[in-house]
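Participant: Structure incoming, see below.
The numbers here are math on the coordinates, done by the rules we state, and not lab data. Predicted, not measured: the structure shown is a model, and the values here were computed from it. Don't worry about glycine lacking a Cβ; one is built from the backbone with ideal geometry, like all the others, and counts go over all protein chains shown.
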Amino acid sequence: MPRKYILKCNDGTFYTGSTNGELESRVWQHNHDDQYAANFTRRRRPVVLAYAEQFDTVDAASRREKQIQGWSRAKKIALIELRGHDLPALSRSRGSDASTSSAPQDANPRDGDASTSSAPQDANPRDGDASTSSATQDAKRRGQPQPDVGP
């Protein structure tokens, strides 16, 4: 299953990627395999999986990855923390730090995040969180992808 994921790097920055393969294997590659790890994560090891979503198609995962790459750090944190109700208020066009720049997220060093389309992954380590079930139900009602919440 195609997946979109967010990694938290050792320095606190985020990396957004997607994969068609096994998520655990992809995280391992980011941490241990210099050939397949992204340049960004190689310099910020170790990385840990912060959030992931599963999709029916590669195109859907890629579109979602690109969408999240443009988000502010605060909005990514809200997604990771399953605070979907906060996402609209954190949109760049609505927030007090709204930007008129068309530069991609990874070109903005103040956000401390990087994104790429060549990375793969999935699985949300926040299992056991009571907000998971309501967030998943909300996503289903809106027809959005559901976060992976672990076994």
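Participant: Applying the selection to the stretch 45-60, what residues are outside any strand (DSSP E or B) and over 16 Å from TRP28 (Cβ atoms)?
Facilitator: Step one: list which residues in the stretch 45-60 are outside any strand (DSSP E or B), which gives 45-47, 55-60.
Of everything in the stretch 45-60, those that are outside any strand (DSSP E or B) and over 16 Å from TRP28 (Cβ atoms) turn out to be PHE55, ASP56, THR57, VAL58, ASP59, ALA60.
Participant: Mind listing whichever residues of the stretch 1-21 are buried (at least 16 other Cβ atoms within 10 Å of the Cβ) and of a type in the set (D, E, K, R)?
Facilitator: Taking the stretch 1-21 first, the residues buried (at least 16 other Cβ atoms within 10 Å of the Cβ) are 2-9, 13-19.
Residues satisfying the conditions are ARG3, LYS4, LYS8.
Participant: Identify all residues within the stretch 1-17 that are assigned to a loop (DSSP other than H, G, I, E, B) and either out of contact with any strand residue (DSSP E or B) (no Cβ under 7 Å at 6 or more places or on another chain) or under 16 Å from LEU79 (Cβ atoms) (or both); write none if there are none. Write out each step before concluding.
Facilitator: Step one: list which residues in the stretch 1-17 are assigned to a loop (DSSP other than H, G, I, E, B), which gives 1-2, 9-13.
Of everything in the stretch 1-17, those that are assigned to a loop (DSSP other than H, G, I, E, B) and either out of contact with any strand residue (DSSP E or B) (no Cβ under 7 Å at 6 or more places or on another chain) or under 16 Å from LEU79 (Cβ atoms) (or both) turn out to be ASN10, ASP11, GLY12, THR13.
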